[in-house]
2 protein chains.
Amino acid sequence: MTERTFTVAVAGATGAVGETMLRLLEERNFPVRRLRLLASERSAGTSLTFRGEEIKVERLSETSFQGVEIALFSAGATRSQEFAPAAVKAGAVVIDNSSAFRMDPHIPLIVPEINPDALAGYRARGIIANPNCTTIVMVMPLKPLHDYGRIRRVIATSYQAVSGAGAKGIEELRRQTLAWASGKPIEISAFPKQIAFNVIPHIDVFQPNGYTKEELKLVFETRKILGDESIGVSPTTVRVPVFTAHSVAINVETERRIEVDKAKELLSTMPGLVVFDEPEAGRYPVPLLAAGKDECFVGRIRADLSNDHAINLWVVGDQLRKGAALNAIQIAELLIDRYL
Amino acid sequence: MTERTFTVAVAGATGAVGETMLRLLEERNFPVRRLRLLASERSAGTSLTFRGEEIKVERLSETSFQGVEIALFSAGATRSQEFAPAAVKAGAVVIDNSSAFRMDPHIPLIVPEINPDALAGYRARGIIANPNCTTIVMVMPLKPLHDYGRIRRVIATSYQAVSGAGAKGIEELRRQTLAWASGKPIEISAFPKQIAFNVIPHIDVFQPNGYTKEELKLVFETRKILGDESIGVSPTTVRVPVFTAHSVAINVETERRIEVDKAKELLSTMPGLVVFDEPEAGRYPVPLLAAGKDECFVGRIRADLSNDHAINLWVVGDQLRKGAALNAIQIAELLIDRYL
């Protein structure tokens, strides 16, 4: 990597993804010259530690971005829509973790291991979109299978951790579980139903066709990332009482038949993806294995018993890391390498 | 129902399913003349309450069945294999909740709302098999769709409660959660990995083709119950940290196209199944809704975006009730009505 350093802003620094971004900027020795931490009024004034130094969190505003070269946004779609243009105007490249710009045809939607060349399009708007967390985890195994066999159809069924809903999701599962443990009444606020000891097939808002917005993200973002509008995706997204790491059960139908051994070989070539598939020895991915790890893990790779052009697999990834903060920082690294 | 009464034995009376059987025999005013409770050496000597009376649990043995007319077995496949023949020899009809006899071509596998006429075959061996808990919950919505549109292929992805593994499963989730709440180390015994705050794509033993036995039950039992060997099933079964009620995300492909409205109409005609599908009003099934209920609940009914001959749906049922004890007792009721 270059020896140049950059002024980096993190908007939404106090959230679950924002805090993971800070940890990753440290871990990866990202070439930070100066770091500015931005958050809403509520969190402004608190401090966060970066490389052993206390950094004060400033209130996110239109004037926050003077001198900023790279702005990592993870403060929700509304704030991205409101403040990303100001950041671009101030000269920063915005890498946005929200859904605000993902489907804008003038804004690239990037998973660096999959479509790095699409990054070139960032100049049109100065904004690069980071995909939905479940989408990122899911497309990691899809990419090598698509390159080899051309994917026709994906049936994706998810098991999504509470931290996908941010710090308030973590807090809700923690509080509900503690209330249960002490026999106290369980209060519901972050999720539409009790999440402790329950599963909820409802993430984001329902649309007229019966799907949630979260489910439709899996459909449209997958096509954009893989660059193939002909891929069919049939999604069901479900919240589960897990703190960190999303799991997705995937059925993949390909034009060219892929035998199980070939699939394992293809998957093992994918950077950022670990084939973890010796089930009889207890080696298959679970959220507690993937939490805190940069890689996604794929296992339970097996031939579909009902369709000889399909395989089943099970992928798990830390959605705060690869599903959000890590992917955004990998995009920033790629941006520096190629364009800055 | 007849006014005659019967001597009933429950083998495995102290287990999670056995205890639910007792509660249901009471709730449904099952015509019990005398109830014998049987269990392994470990539980023999304890007492259980039935209709306000304490009944001593006896040790299950070959001589346990004298005078018994209906024997409900839920003590595991090994004990069913060992003791069901003795029960039959003593003159009882055995309704077996284990996997021991389900795929025996001479033994009917019954869901009373689906294939009641297959019950006639019970005379061949004197044994009737109760299907796997997840299979029962899943076939409830499949039946009316199959009758109308002929199912070609089902992709089933489950979210299975810990009580599917019996009382020890409930205890494990309870203990692990309490240990977490008090900062103590978490011990693993009933499940292959920690189940609290985790999901485990591993139920029952892995087979050479990469599927678990639990997954293959969904394939073969579904075909036997629906009486159609041409139905393809592609299963993924996953344990989740939920105490009671299994959920299954189902993608159903039919020969004849079924529009969503038609599917809802068909599903609403199915006895024992409740269409609960007004998602925008927060009305969709979750395990905490279905636990303790006799009915299964189906929602999230929507057109597959990737295949115009397929629909997606989400079914939830109390697997101790409809998935086990209730279905067994419904079989007994049907047996009495038609044959005893």
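The numbers here are math on the coordinates, done by the rules we state, and not lab data. Just so you know, these numbers come straight off a predicted model, no measurement behind them. Cβ atoms come from the backbone with ideal geometry, glycine included; neighbour counts cover every protein chain shown.
Values as computed for the structure displayed
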read-out	value
Chain A shape via C-alpha gyration tensor axes, a/c threshold 1.5	oblate
Amide H contacts of B:VAL57 (H built 1.01 Å from N, under 5 Å, at least 5 apart or other chain)	B:GLY45, B:THR46, B:SER47, B:LEU48
Exercise: per-residue mean of other protein chain Cβ atoms within 10 Å, A:184-195	1
Computed log₁₀ I(q)/I(0) - Debye formula, equal Cα scatterers, no solvent, the range A:212-340, q 0.17 Å⁻¹	-1.08
For the range B:134-319, size of Cβ-based charge dipole, Lys and Arg +1, Asp and Glu -1, in debye	380
Rounded to the nearest 20 debye, dipole of the protein assembly as shown from Cβ charges on Lys, Arg, Asp, Glu	560
Bridge type composition, the range B:134-319 - antiparallel percent by DSSP, nearest 5	75
Theoretical ellipticity at 222 nm over the protein assembly as shown - DSSP helices of four or more residues, -39500 (n - 2.57) apiece, nearest 500	-9000 deg cm²/dmol
Selected from A:ALA290, A:GLY227, A:TYR122, residue furthest toward positive end of dipole (chain A; charges at beta carbon)	A:TYR122
Copy-to-copy label separations for A:PRO271, where each label sits 7 Å from Cα toward Cβ, in nm and ascending	6.2
Loop-exposed GluC sites (Glu not before Pro) per DSSP, neighbour cap 14 Cβ within 10 angstrom, longest uninterrupted part of chain A	A:63-186
HN-Hα J in Hz across the range B:73-83 - Karplus 6.51, -1.76, 1.60, θ = phi - 60°, x for Gly and Pro	9, 8, 10, x, 5, 4, 5, 4, 4, 6, 10
Loop-resident sites, the range A:63-96, for chymotrypsin sites (Phe, Trp or Tyr not before Pro), counting at most 11 other Cβ within 10 Å (DSSP)	none
Space enclosed by the convex hull of the alpha-carbon atoms of the range B:154-197, per residue, Å³	74
Other protein chain Cβ atoms within 10 Å, averaged over every residue that makes up A:235-246	4
Relative contact order computed over the range B:134-319 (Cα-Cα under 8 Å; 6+ residues apart), in percent	30
Share antiparallel - DSSP beta bridges, the protein assembly as shown, percent rounded to 5	50
Cα→Cβ-extended label distance, 7 Å offset, between A:THR269 and B:ASP228, nm	4.0
0 to 90° range, to nearest 10: angle between helix A:167-181 axis and chain A longest Cα axis	70
GNM flexibility winner over chain A from A:VAL94, A:VAL32, A:VAL248 (Cα, springs under 10 Å)	A:VAL32
Neighbourhood net charge (13 Å Cβ-Cβ; Lys/Arg +1, Asp/Glu -1) for B:THR177	+1
Overall form of the range A:123-172 per C-alpha gyration tensor (a/c, 1.5; a/b vs b/c)	oblate
Degrees between helix B:16-27 axis and first principal axis of chain B (Cα, 0 to 90, nearest 10)	80
Cα long-axis angle, helix B:133-149 against chain B (0 to 90 degrees, to the nearest 10)	50
Label geometry 7 Å along the beta-carbon vector: A:HIS309 inter-copy distances in nm	1.3
Likely footprinting exposure, A:ILE203, B:ILE151, A:ILE110, fewest C-beta neighbours within 10 Å first	A:ILE203, B:ILE151, A:ILE110
Residues with amide H under 5 Å from that of A:PHE6, placed H, sequence gap 5 or more	A:VAL32, A:ARG33, A:ARG34
Dipole in debye (nearest 20) - chain B, about Cα centre, beta carbon charges: Lys, Arg +1; Asp, Glu -1	520
Surrounding net charge for A:ILE200, when Lys and Arg each add one and Asp and Glu each subtract one, Cβ distance under 14 Å	0
Unsatisfied cross-links (Cα-Cα over 31 Å) in the set B:LYS262/B:LYS293; A:LYS56/A:LYS143; A:LYS322/B:LYS193; A:LYS217/B:LYS322	A:LYS56/A:LYS143; A:LYS217/B:LYS322
Charge sum, other residues only, whose C-beta stays under 12 Å from B:THR49's C-beta, Lys/Arg counted +1 and Asp/Glu -1	-1
Dimensionless Rg over Rh [the protein assembly as shown; C-alpha; Kirkwood]	1.02
Cα-based convex hull volume of the range B:134-319 per residue, rounded to whole Å³	129
Vicinal HN-Hα couplings computed from phi for the range B:206-220 (Karplus, 6.51 cos²θ - 1.76 cosθ + 1.60; Hz; Gly/Pro x)	6, 9, x, 7, x, 8, 8, 4, 4, 5, 5, 4, 4, 5, 7
Among beta bridges that DSSP assigns inside chain B, antiparallel share in %, nearest 5	50
Distance between modelled label sites at A:ARG34 and B:ALA281, nm, 7 Å Cα→Cβ extension	5.7
